[in-house]
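Since the structure comes first, as structure tokens, the remarks are kept for the end.
Rule-based calculations on the coordinates, nothing more; no lab input. Everything quoted here is computed from the prediction, not taken from an experiment. Every residue, glycine among them, receives a Cβ derived from its backbone with ideal geometry; neighbour counts consider all protein chains shown.
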Amino acid sequence: MDLNTQETSEQTIFANKVNSIRAICKNADSKEMVMHVGELDQNQVNNISTIVENQMENMGIGRGVVKRIFNIAIETLQNICFHAEKDNSTNQMTYFIIGKHQNDFVTYSGNVLPKTAAEGLMKRLERVRSLNDADLKKEYLEVLSNGELSKKGGAGLGFITIALKSNNNIEFEFQPLNNEYSLFSMAAKVTA
């Protein structure tokens, strides 16, 4: 997707969101490390995750931090790959950006989803964000042993894993695109 050419109001909202994140990643103390905008499939998930891991290791980041960021990246990319919807113009508007801000690494992601799904997801994320570390681990084990697969194949572990790996340092928002769809955006931060 070309962020400089928007044909619909939905594309304009999406481009503005991505450009605002890129601006954050380009100030004096920050760096944009990885960026993907547009359609996302399993091959791209594999390629992006390899790039993330290689870049982090080349920067000399400790293995524990690399592993946490890599796990967040995988879960985030898989969530996008499995759950991103196409808008009314049949565009799959997704983004995945990793920025480094001093000693923090932030994974920014976004995708279109039906407004009908946004409310349930918001409640689920608010619940996950309200849990302490011990409760997150307990929830993870409970979902792992009792989780039922959704229609798209997920058991609900992705957001719990992201919360665990980021020490529950996640933010999210749902921005209306039109009467049917919202842009779901999430940021997860890991301190090196």
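Can you name every residue in region 14-39 that is out of contact with any Leu (no Cβ under 7 Å at 6 or more places or on another chain), surrounded by fewer than 19 Cβ atoms within 10 Å (Cβ to Cβ) and in a helix (DSSP H, G or I)?
Asn16, Ser20, Arg22, Ala23, Ile24
Any idea how many residues of region 1-13 are free of Cβ contacts under 8 Å to residues at least 60 places away in the same chain and assigned to a helix (DSSP H, G or I)?
From region 1-13, those free of Cβ contacts under 8 Å to residues at least 60 places away in the same chain are 2-6, 12; that's our starting set.
Next cut, assigned to a helix (DSSP H, G or I) only: 12.
Result for region 1-13: 1.
Determine the pairs where a residue that is in contact (Cβ under 8 Å) with a residue 24 or more places away in the chain, located within region 65-90, has a partner that is of a type in the set (A, V, I, L, M, F, W, C) and surrounded by fewer than 18 Cβ atoms within 10 Å (Cβ to Cβ) with Cβ atoms under 6 Å apart, the partner being 6 or more residues away or on another chain.
So the pair list comes out as Val65/Ala192.
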